[in-house]
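Single-structure report; data block below.
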Amino acid sequence: MPDVNSRISHIRKQLRQYEHEYYVLDKPSVSDAEYDDLMRNLEKLESEHPELITPDSPTQRVGGAPREGFRKVEHSSPMLSLDNALNEGELREFDRRVRELLKGEPFEYVAELKLDGLSMAARYDAEGKFILAVTRGDGTVGEEVTENARTIRSIPLVVPEEFSGQFEVRGEVVMPTRAFQKLNQQREEAGLSLYANPRNSAAGSLRVLDPKITASRQLDFYAYFLLKDGQYSGTSHWESLEKLTAMGFKVNPKRRLCQSLDELLEFIREWESQREALPYEIDGVVAKVNSLDQQQRLGWTARAPRWAIAFKYPARQAETLLEEVTFQVGRTGVITPVAELKKVNVSGVMVSRATLHNEDEIARLDLSIGDTVVVERSGDVIPKILQVKSKAIDPQPITMPKQCPVCGGPVVRLEEEVASRCINISCPARLKETVRYFASRSVMDIDGMGEKLVDQLVEKGLVRSIADVFRLRLEDLIGLERMGEKSAQRIMEGIEKARTRPLWRWISGLGIPFVGERTAQILARSFGSIEEIRRADEDRLQAAEEVGPKIAQAIHRFFEEPHNQKLIESLEFPTEEKKVITGHLTGKTFVLTGTLDGLTRDEAKSMIEAVGGKVAGSVSKKTHYVVAGEDAGSKLEKARTLNVPVLDKEGLFALLNA
């Protein structure tokens, strides 16, 4: 055991170092593959010796089960907001007050970028281990989000031994611009409402009930205060930031120690001109008096410190005319309305287009062609219309197309979905992305069929649907740009291997709305063939595990579309043996809520499925039983409202063993 313990400790130390290099320093020293191999090694050792698992192990970043709500926690000392300076005059007035209160005593400012996220406090125990995370809330009481914060890789789960001892770190949780764009793209393709900005998405991601969702959102944490016993630690703010860096926290390096107001203004102007190049959103600069002794003497008002101020940059907005609305078709067929605007300068960039997202957004804005609108540009995010400033004299209504603007196929909008879609998988507007996705490693894994090759195949008319991939000949490929015989042969071998892929990969490759890898596997396991799925009505589809009404409707609509029917008939799908478990609870749907003493949710789910039952995530009229443990929340209330039978653990066992 000592050897195993030493091995585990050594691997954890290595992984923590690699995480710090990657997520904090942005200077990885090993490849992703090396990191993943080391993590798998640790997971294997811990699974063999579960008694050695500790909360600060890198494997425990995402370990919490979904919860029913958040408990309230009082802050060690108030998390106050800052007063704002909206222009240079207000900043000079703040500087004058500081000088007056310090009676001419010399002082310094620490200038930091004002990140546009949400404030959070992270607490550590006497051994330097992360134990609690609390949102700002009202400044006095916040919500405990420990399991979600644990998934943020830039928050160390344990600090070096020399820094151990109880302490608290306050900072800003942000969503990087690239992660925000990716999240909204995924939501748009799924037909979900979009987040308005990275700040809102960061707040929403930190407060979801399932830590696995938080982990997928790629949040970041920048530390800016170090406290002990609720009081700021050290002799100066700059010293505190340097110590936080040494402790392993991510501290924004874009900061400056300013000896005068002029130096502070220089920093403010410098980053106003460079803010578009930053990988995250900022809305200004925070200036703090550096000396903690001087901070104490300057004191606080009822709601803000007298020693700090936030200089806010002007909003990046402008007014212009909405001249027309066009429609774009994405990979999954989502049709996105795009505002065509009279060109306008928004913070140094000429803007002529803005996304309108979907039909509901147009209705919310009460938007018509000819309206004067307010446009906002936010980082690298596509410009958007915030509001209608004035209505047109002769407004022209905006209507979503009934036929796809590219292929002429039918456009549908599923129940409870905000997106309208072209459901023709072979639509030319979708084709390149469809083929790329179909050939990708996670689907059919056709080696060598990357973006540039797919572009050539589609543009030269060699591929007009995914079925044409299997009709390609060696001579077709050799004739393409930068394609030698050896490379062409490798691709042909990849295509042949793709013919033997399991059924779920073929289903996933069709690009059916809401059907990803997990649902494709469930469909393959439940139906066994593409023909059985085609023939199934919505009720039969919903009988499959985790397939709800929206997914069932999307699948049924997909197979009803004539272009898709023709495509399905031209492909040679494999079949597989159905793996349907039957038992005395076959056809019964259960929902689990709360904590069951001595029984995890996964264990309860496995026991129910072993006798034919199905476990769903939400309560509806079709739910047969709700199993409620301690701290059961809204699901229990809904069950009572719908008169759904409620079981405790003993009742569940009695039903399972009946």
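The values are calculated or read from the model by the stated rules, or taken from the named source; none is laboratory data. Everything numeric in this text was worked out from a predicted model, so none of it was measured. Counting neighbours? That spans all protein chains shown, and the Cβs are built from the backbone with ideal geometry, glycine included. Only protein heavy atoms, including side chains, enter the accessible area calculation; ligands, DNA and RNA are left aside. Shrake-Rupley method; radii C 1.70, N 1.55, O 1.52, S 1.80 Å.
General observations
- Test: residue in the range 596-616 that is open to solvent by less than 30 Å² (accessible area, probe 1.4 Å), assigned to a loop (DSSP other than H, G, I, E, B) and over 30 Å from Leu503 (Cα atoms): no
- Count of residues meeting criterion [of a type outside the set (Val, Ile, Thr), without any contact (Cβ under 8 Å) to a residue 60 or more places away in the chain, under 13 Å from Ile362 (Cβ atoms) and part of a loop (DSSP other than H, G, I, E, B)] in the range 393-412: 2
- Evaluation of Arg482 against (1) surrounded by fewer than 20 Cβ atoms within 10 Å (Cβ to Cβ); (2) in a helix (DSSP H, G or I) (one fails), failing number: (2)
- Remark: pairs (first residue in the range 630-650, under 10 Å from Val619 (Cα atoms) and part of a helix (DSSP H, G or I); second residue modelled with pLDDT under 85 and open to solvent by less than 70 Å² (accessible area, probe 1.4 Å); Cβ separation under 6 Å; 6+ apart in sequence or on different chains) = Lys635/Val619; Lys638/Val619; Ala639/Val619.
- The residue pairs whose first member lies in the range 120-131 and is among the β-branched types (Val, Ile, Thr), whose second member is part of a loop (DSSP other than H, G, I, E, B), and whose beta carbons are closer than 7 Å, counting only pairs six or more residues apart or on different chains, are Ile131/Asp125.
- Filtered residues of the range 256-274 (kept if under 28 Å from the mean Cα position of the chain (by Cα) and surrounded by 19 or more Cβ atoms within 10 Å (Cβ to Cβ)): Trp271
- Condition check for Thr593: surrounded by fewer than 16 Cβ atoms within 10 Å (Cβ to Cβ), touching a residue at least 60 places away in the same chain (Cβ under 8 Å) and among the β-branched types (Val, Ile, Thr): no
- All positions within the range 512-555 that are assigned to a helix (DSSP H, G or I), touching a residue at least 40 places away in the same chain (Cβ under 8 Å) and either basic (Lys, Arg) or closer than 22 Å to Val435 by Cβ (or both): Glu517, Ala524, Arg525, Ile530, Lys550, Ala554, Ile555
- Residue in the range 172-183 that is farthest from Tyr437 (Cα to Cα), counting only those that are in contact with a strand residue (DSSP E or B) (Cβ under 8 Å, 6 or more places away or on another chain) and either in a helix (DSSP H, G or I) or at pLDDT below 85 (or both): Thr177
- The one condition from (1) closer than 26 Å to Glu19 by Cβ; (2) in contact (Cβ under 8 Å) with a residue 24 or more places away in the chain that Glu239 does not meet is (2).
- Between Glu459, Glu451, Glu485, Glu496, the distinction of being among the charged types (D, E, K, R) and modelled with pLDDT of 90 or more belongs to Glu496 only.
- Any hit, the range 239-247, residues being modelled with pLDDT under 90 and either in contact with a helix residue (DSSP H, G or I) (Cβ under 9 Å, 6 or more places away or on another chain) or in a helix (DSSP H, G or I) (or both): no
- Any hit, the range 266-275, residues being part of a helix (DSSP H, G or I), modelled with pLDDT of 95 or more, under 18 Å from Val173 (Cβ atoms) and not small (Gly, Ala, Ser): no
- Considered as a group, the residues in the range 405-426 that are among the hydrophobic types (A, V, I, L, M, F, W, C) and surrounded by 22 or more Cβ atoms within 10 Å (Cβ to Cβ) include one that is farthest from Glu359 (Cα to Cα), and that residue is Ile425.
- Tabulated pairs, the range 86-99, first more than 21 Å from Asp283 (Cβ to Cβ), second open to solvent by less than 100 Å² (accessible area, probe 1.4 Å) and in a helix (DSSP H, G or I), C-beta under 7 angstrom, 6+ apart or interchain: Val98/Leu298
- Some residue of the range 203-225 being under 28 Å from Arg99 (Cβ atoms) and in contact with a Gly (Cβ under 8 Å, 6 or more places away or on another chain): yes
- Some residue of the range 485-493 being of a type outside the set (Val, Ile, Thr), open to solvent by less than 40 Å² (accessible area, probe 1.4 Å), assigned to a loop (DSSP other than H, G, I, E, B) and within 20 Å of Leu571 (Cα to Cα): no
Yes/no per residue for (1) open to solvent by 30 Å² or more (accessible area, probe 1.4 Å); (2) in contact with an Asp or Glu (Cβ under 9 Å, 6 or more places away or on another chain); (3) among the hydroxyl-bearing types (Ser, Thr, Tyr):
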position	(1), (2), (3)
Ile522	no, yes, no
Phe527	no, no, no
Ala543	yes, no, no
Val547	no, no, no
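- Meets criteria (of a type in the set (Val, Ile, Thr), over 27 Å from Val411 (Cα atoms) and open to solvent by less than 20 Å² (accessible area, probe 1.4 Å)) for Thr320: yes
- A single member of Glu577, Glu569 is open to solvent by 60 Å² or more (accessible area, probe 1.4 Å), closer than 22 Å to Asp537 by Cα, in a helix (DSSP H, G or I) and out of contact with any strand residue (DSSP E or B) (no Cβ under 7 Å at 6 or more places or on another chain), and it is Glu569.
- Within the range 276-304, restricting attention to residues that are part of a loop (DSSP other than H, G, I, E, B) and among the charged types (D, E, K, R), the residue that is farthest from Leu241 (Cα to Cα) is Arg303.
- Residue in the range 385-393 that is of a type outside the set (A, V, I, L, M, F, W, C) and within 28 Å of the chain's Cα centre (by Cα) present: yes
- Residues that are of a type outside the set (A, V, I, L, M, F, W, C) and under 14 Å from Thr589 (Cβ atoms) within the range 610-637 comprise Gly612, Gly613, Lys614, Gly617, Ser618, Ser620, Lys621, Lys622, Thr623, His624, Tyr625, Lys635, listed in sequence order.
- A Cβ distance below 9 Å, combined with a sequence gap of six or more or placement on separate chains, defines the contacts here; from the range 315-342, residues that are at pLDDT 90 or above reach residues that are open to solvent by less than 60 Å² (accessible area, probe 1.4 Å) and of a type in the set (Asp, Glu) in the pairs Leu321/Asp371; Leu322/Glu340; Leu322/Asp371; Glu323/Glu340; Glu324/Glu340; Val325/Glu340; Thr326/Glu340; Pro337/Glu361.
- Conditions (1) among the hydrophobic types (A, V, I, L, M, F, W, C); (2) modelled with pLDDT under 95; (3) open to solvent by less than 40 Å² (accessible area, probe 1.4 Å): number failed by Val286: (2)
- Qualifying positions in the range 135-164 - farther than 24 Å from Lys72 by Cα and without any contact (Cβ under 8 Å) to a residue 60 or more places away in the chain: Glu161, Glu162, Ser164
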